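**Q** Before I ask anything, let me first share the structure, which is written out below as C-alpha cells.
The values are calculated or read from the model by the stated rules, or taken from the named source; none is laboratory data. Given the structure is predicted, the values throughout are model-derived calculations rather than measurements. Cβ placement follows ideal geometry from the backbone for every residue including glycine, while neighbour counts extend to all protein chains displayed. Heavy atoms of the whole protein, side chains included, go into the accessibility calculation; ligands, DNA and RNA do not. Shrake-Rupley method; radii C 1.70, N 1.55, O 1.52, S 1.80 Å.
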Amino acid sequence: MEGQEERVLDEQEWHVEAAAVIQDVKECVSHMSVAALHASNAAIYFNLTTKEENHYCVELTASGFRIVGNRFDNQSEPSEKYFETPYALLDQISPLYRESFGLVLAARLSALVSAEEEDVKGAE
C-alpha cells in the first residue's frame with residue numbers, strides 16, 4: 001500500500017490489535033500467536049502455522065500484513081507484498097484455509113438458522 005502513512009500505536013495497542021486478529025482466524029489455522037519479536041509503535045509480528053503445517057512469521061503494520069520469514073520469530077525473508085486483511089493473506093498461502101473458512105461459515109449459519117427456528121417455536 002504505497003504511500004500509506006505508518007500508523008503509530010503503542011505496544012499495548014498493537015497487542016490488542018493482534019489479539020483481535022488471532023481471535024478472527026484461530027479456527028482456520030493450526031496455530032497463530034504473537035511472535036517473540038519486539039513490537040514497536042509501527043509493527044507487531046505473528047507466528048503462524050497454516051492447516052498445511054507451513055510456518056511463517058507475519059508482520060502487521062499500517063500497510064497491512066506481509067510474510068517476513070518462513071520460520072517462527074524470523075524476519076530474514078521479507079516479502080514486498082502486503083495484504084489488507086489476514087484473510088487475504090491466508091487465502092493466498094493456504095488452500096486449506098479456504099476450505100476451513102467455508103466450513104466455519106456454514107456451521108455458524110446453521111447455528112443461526114437453528115436458533116431462529118427455536119425462537120419461532122418458543123414464540124408459538
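Here is a yes/no grid of residues against (1) under 12 Å from the mean Cα position of the chain (by Cα); (2) more than 26 Å from HIS15 (Cα to Cα):
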site	(1), (2)
GLU59	yes, no
TYR87	yes, no
VAL104	no, no
SER110	no, yes
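**Q** Continuing with this model, one more query. Hey, can you tell me all the residues within the stretch 48-59 that are assigned to a strand (DSSP E or B) and open to solvent by less than 10 Å² (accessible area, probe 1.4 Å)?
**A** Of everything in the stretch 48-59, those that are assigned to a strand (DSSP E or B) and open to solvent by less than 10 Å² (accessible area, probe 1.4 Å) turn out to be LEU48, THR49, CYS57, VAL58.
**Q** Looking for whichever is under 16 Å from ILE22 (Cβ atoms) and either assigned to a loop (DSSP other than H, G, I, E, B) or without any contact (Cβ under 8 Å) to a residue 24 or more places away in the chain (or both) here; the options are PHE65, PHE72. Which one fits?
**A** Within the list PHE65, PHE72, the selection yields PHE72.
**Q** In the stretch 75-109, what residues are among the aromatic types (Phe, Trp, Tyr) and either in contact (Cβ under 8 Å) with a residue 40 or more places away in the chain or open to solvent by 50 Å² or more (accessible area, probe 1.4 Å) (or both)?
**A** Answer for the stretch 75-109, where residues must be among the aromatic types (Phe, Trp, Tyr) and either in contact (Cβ under 8 Å) with a residue 40 or more places away in the chain or open to solvent by 50 Å² or more (accessible area, probe 1.4 Å) (or both): TYR82, TYR87, TYR97, PHE101.
**Q** Another question, then. Which of the residues belonging to the stretch 46-57 are over 11 Å from the mean Cα position of the chain (by Cα), over 9 Å from ASP73 (Cα atoms) and touching a residue at least 24 places away in the same chain (Cβ under 8 Å)?
**A** Passing the criteria: LYS51, GLU52, ASN54.
**Q** Being closer than 14 Å to GLU27 by Cβ and aromatic (Phe, Trp, Tyr) is the filter here, so list the residues in the stretch 73-115 that pass it.
**A** Residues satisfying the conditions are TYR87, TYR97, PHE101.
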